[in-house]
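Novice: Below is the structure I would like to discuss, written out as structure tokens.
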Amino acid sequence: MGLDITWAVDWVRRSAQVISEHRVELITLDREIGDGDHGENMDRGFQAVLPKLDDLAAGSTPGDVLKLVATTLISTVGGAAGPLYGTAYLKAAAAAGSAVSLDGPAIAAILTAARDGVVARGKAETGDKTMIDALTPAVDAADAAAAAGVDAAGVFAAAADAAEAGALATEPLVARKGRASYLGERSAGHRDPGAESSALLLRAAADAAAASAGA
Amino acid sequence: MATPEKVGVLFVSHSAAIAAGLVELARQMAPTAALVAAGGTDDGRIGTSFDLVTAGIAEADSGRGVVVLCDLGSAILTAETALDFLDDEVRERVRIVDAPLVEGGVAAAVAAEAGDPLDVVVAAAESARGPAIAASAGATTGAAPADVAPTAAAAPGYTRSIRLVNSDGLHARPAAELVKLASTFPQKVTVNGTDAKSLLGIMSLGLTKGAQVDITSRDLSGREAVDALAALAESGFGEA
């Protein structure tokens, strides 16, 4: 069973809620190794998307929702997360195209496009202690799940599990990109806030997909 | 706000005060070029704004292009994202330059003021990265007038030797005046061995009042340029 516009809107609402709930946690993580604005910026960005969901035209697709998130985050987030997440959602929207419903392989494809967009924008590689360290394991897990014939909700569940493990695994790493890289060795021992927010957003997607599948 | 026939310069900073300050500083040497600040977020916090950067590019662009200088990481990401959203035709003439904000911005502004094309303004900003300054200034670093004069006299070409009369020496504004005038001539002219068209090179000479200034062109047709620059220096750049 594919994921449609209802799922996409639900994902955004759940994202806004989970980011809001973890706002302080993200701020704390970012304050330890960055400039401390990640939770606040992401919260502002997703809160700005919410009212725009009501203005979506009838017949909008998941791709339209992803594009709305992209342009809103780019305009409102302010820190590096704005262009990076904005690019991720924009590339995901392009990969989703005008499809009304997304199946497992389509979900794997939009996650791959999103991750590739972030890599192209931020030039980070695996192990640099960035959101890529959550996104790349998520893409790999999604690809494997889709190839095994798992449905869309299952693909997102696999991606979310892998992203959470990836975010956790950033703790011992020394940052090589972004503001945290100025700290050098001192960045080790702290979880990367961007990897953490990526994991939260993918978990929200998986939860929305599970709710959609159960409906 | 874009100035016809001139390249624009956009300063992107996390801080509105820094971006505005850079415009103010560079404006001193580039009174008519389009210098635009895109600092802080839309609501005045620390950060960078896609919308301010996009509007800034439009404001600075006269059709001859825009040089964009950025501070910390996400300013560059925001600027790159803004470029992605431009029409292809506009994007081709907008360049994000990796250069020190202050020195690179001032150098770019002076080149823009002189009416230089985009590539030259980009090169002026990039000349502030360091090694180039050291190389151009190296020839004269620590050279007292007495050391320079014989070399200059022995060199082929046309030289005018004058003494700086203005009280503050060749500081930023007069240096910019000199560079602007030198840039109006096609011939290569040097000031104490440093390219007269390089603002950072001229400023790094650190010439003070009373210093000997050898203005030289080895170009056979460079006489007029040398005389014009010598006249400007002798006039004290309009300063006491």
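The values are calculated or read from the model by the stated rules, or taken from the named source; none is laboratory data. Just so it is clear, the model here is predicted, and its values are computed rather than measured. Every residue, glycine as well, gets a Cβ built from its backbone with ideal geometry; the counts of neighbours run over all protein chains shown. Surface accessibility is based on the protein's heavy atoms, side chains included, excluding ligands, DNA and RNA. Shrake-Rupley method; radii C 1.70, N 1.55, O 1.52, S 1.80 Å.
Novice: Give a quick list of trypsin sites (Lys or Arg not before Pro) in the stretch B:1-98 that DSSP marks as loop, anything other than H, G, I, E or B, with at most 11 other Cβ atoms within 10 Å. If you can, show how the numbers build up before the last one.
Specialist: Details: sites: B:6, B:27, B:45, B:64, B:91, B:93, B:95; in loops: B:6, B:45, B:64, B:93.
Nothing satisfies the criteria.
Novice: Let me ask something else about it. Dipole of the stretch B:8-129, Cα-centred, from +1 at each Lys and Arg C-beta and -1 at each Asp and Glu C-beta, to the nearest 20 debye? If you can, show how the numbers build up before the last one.
Specialist: Values: 7 positive and 19 negative charges, 66 e Å.
I would put it at about 320 debye.
Novice: Past 23 Å, Cα to Cα, is the threshold; run B:180/B:209; A:67/A:129; A:52/A:177; A:52/A:129; A:52/A:123 against it and keep the listed order.
Specialist: The pairs that break the limit, which is 23 Å between Cα atoms, are A:67/A:129; A:52/A:177; A:52/A:129; A:52/A:123.
Novice: Please give the peptides A:164-173, A:106-115 ranked by average Cβ packing (other Cβ atoms within 10 Å per residue), highest first, as a rough proxy for protection. Intermediate results must be reported in sequence, preceding the final value.
Specialist: On the way: A:164-173: 19.3, A:106-115: 24.0.
For the peptides A:164-173, A:106-115, the packing ranking is A:106-115, A:164-173.
Novice: Let me ask something additional. Along the charge dipole of the protein assembly as shown, pointing to its positive end and built from +1/-1 on Cβ of Lys, Arg, Asp and Glu, which listed residue (A:100, B:186, A:66) has its Cα farthest out?
Specialist: B:186
Novice: Which angle from 0 to 90°, rounded to the nearest 10, does the C-alpha axis of helix B:223-234 make with the longest principal axis of chain B?
Specialist: 80 degrees
Novice: Size of the protein assembly as shown along its principal axes in angstrom, Cα-based, largest extent first?
Specialist: Principal-axis extents of the Cα atoms in the protein assembly as shown, largest first: 90, 46, 36 Å.
Novice: How long is the gain from residue B:227 to residue B:20 if the chain were fully straight, where each residue apart is worth 0.36 nm and the alpha carbon distance is subtracted? Walk me through the intermediate numbers first.
Specialist: Numbers: separation 207, 0.36 × 207 = 74.52 nm, distance 3.73 nm.
This chain segment gains 70.8 nm when fully extended.
Novice: Let me ask something else about it. Could you provide, to the nearest whole Å², the per residue accessible area of the protein assembly as shown with probe 1.4 Å? Spell out each step's value before the answer.
Specialist: On the way: 18370 Å² over 455 residues.
Spelled out: the 1.4 Å probe surface of the protein assembly as shown, per residue, equals 40 Å².
Novice: Could you state the angle between the C-alpha long axis of helix B:172-182 and the longest principal axis of the C-alpha atoms of chain B, as a value from 0 to 90 degrees rounded to the nearest 10?
Specialist: 80 degrees
Novice: At the nearest 100 Å², what buried accessible area, both sides summed, do you get for A and B when the probe is 1.4 Å? Could the numbers behind the result be given before it?
Specialist: Details: alone 8960 and 10680 Å², together 18370 Å².
Interface area, both chains combined: 1300 Å², rounded to the nearest 100.
Novice: Calculated from DSSP H runs of 4 or more alone, at -39500 (n - 2.57) each and per residue, what is the 222 nm mean residue ellipticity of chain A, nearest 500? It would help to have the intermediate numbers written out before the result.
Specialist: On the way: 9 runs with 149 residues, N = 215.
Using -39500 (n - 2.57) per qualifying helix, the result is -23000 deg cm²/dmol.
Novice: Please compute one quarter of the surface area of the Cα convex hull for the stretch B:8-129 and express it in square nanometres.
Specialist: Numbers: hull surface 24.7 nm².
Averaging across all directions leaves 6.2 nm² for the Cα convex hull.
Novice: If the viscosity is 0.692 mPa s and the temperature 37 °C, what Stokes-Einstein diffusion coefficient in µm²/s follows for the stretch A:1-92 when Rh is the Kirkwood radius over Cα pairs? It would help to have the intermediate numbers written out before the result.
Specialist: On the way: Rh = 13.4 Å.
Rounded to a whole number, D works out at 245 µm²/s.
Novice: Sum -39500 (n - 2.57) across every DSSP H segment of at least 4 residues in chain B, then divide by the residue count to get the 222 nm mean residue ellipticity, nearest 500. Before the final figure, lay out each step's value.
Specialist: On the way: 11 runs with 108 residues, N = 240.
Estimated from H runs of four or more residues: -13000 deg cm²/dmol.
Novice: How large is the Rg to Rh ratio of chain A when both quantities use alpha carbon positions and Rh follows Kirkwood?
Specialist: Values: Rg = 15.9 Å, Rh = 16.7 Å.
Result for chain A is an Rg/Rh of 0.95.
Novice: Rounded to the nearest 20 debye, what is the charge dipole size of chain A about its Cα centre when +1 sits on each Lys and Arg Cβ and -1 on each Asp and Glu Cβ?
Specialist: On the way: 18 positive and 28 negative charges, 104 e Å.
Rounded to the nearest 20 debye, it is 500 debye.
Novice: Which one, B:122, B:74, B:20, projects farthest toward the positive side of the charge dipole computed for the stretch B:8-129 from Cβ point charges (K/R +1, D/E -1)?
Specialist: Ranked along the dipole, the leading option is B:20.
Novice: Have a look at A:56, A:174, A:83 and report the one farthest towards the positive end of the charge dipole of the stretch A:5-210, computed about the Cα centre with Cβ charges (Lys/Arg +1, Asp/Glu -1).
Specialist: The one lying farthest along the dipole's positive direction is A:83.
Novice: Tell me the trypsin sites (Lys or Arg not before Pro) within the stretch B:193-240 that lie in a loop according to DSSP and have at most 15 other beta-carbon atoms within 10 Å.
Specialist: Working: sites: B:197, B:209, B:218, B:223; in loops: B:197, B:209, B:218.
Passing both the DSSP loop test and the Cβ count: B:209, B:218.
Novice: Which value, in Å to one decimal place, does the Kirkwood hydrodynamic radius take for chain B when every pair of different Cα atoms is included?
Specialist: Values: mean 1/r = 0.0542 Å⁻¹.
Every distinct Cα pair counted, the radius reaches 18.5 Å.
Novice: OK, next. Near residue A:211, within a Cβ-to-Cβ distance under 15 Å, what is the net charge of the other residues, with Lys and Arg +1 and Asp and Glu -1?
Specialist: Values: positive: A:13, A:14, A:203; negative: A:4, A:10, A:151, A:207.
With Lys, Arg at +1 and Asp, Glu at -1, the net is -1.
Novice: Can you compute the charge dipole magnitude of chain B about its Cα centre, using +1 on each Lys and Arg Cβ and -1 on each Asp and Glu Cβ, nothing else charged? Give it in debye, rounded to the nearest 20. List each step's numbers first, then the result.
Specialist: On the way: 17 positive and 30 negative charges, 185 e Å.
Dipole magnitude for chain B comes out near 880 debye.
Novice: Using only Cα atoms, tell me the angle between helix B:101-113 and the longest principal axis of chain B; keep it within 0 to 90° and round to the nearest 10.
Specialist: Rounded to the nearest ten degrees, it is 80.
Novice: Over the alpha carbons of the stretch B:194-240, what is the largest minus smallest coordinate on each principal axis, giving the biggest first in Å?
Specialist: Its Cα atoms span 32, 21, 16 Å along the three principal axes.
Novice: Jot down the radius of gyration and Dmax of the stretch A:77-174, Cα atoms only, both in angstrom.
Specialist: Every Cα atom of the stretch A:77-174 included, Rg and Dmax give 13.3, 42 Å.
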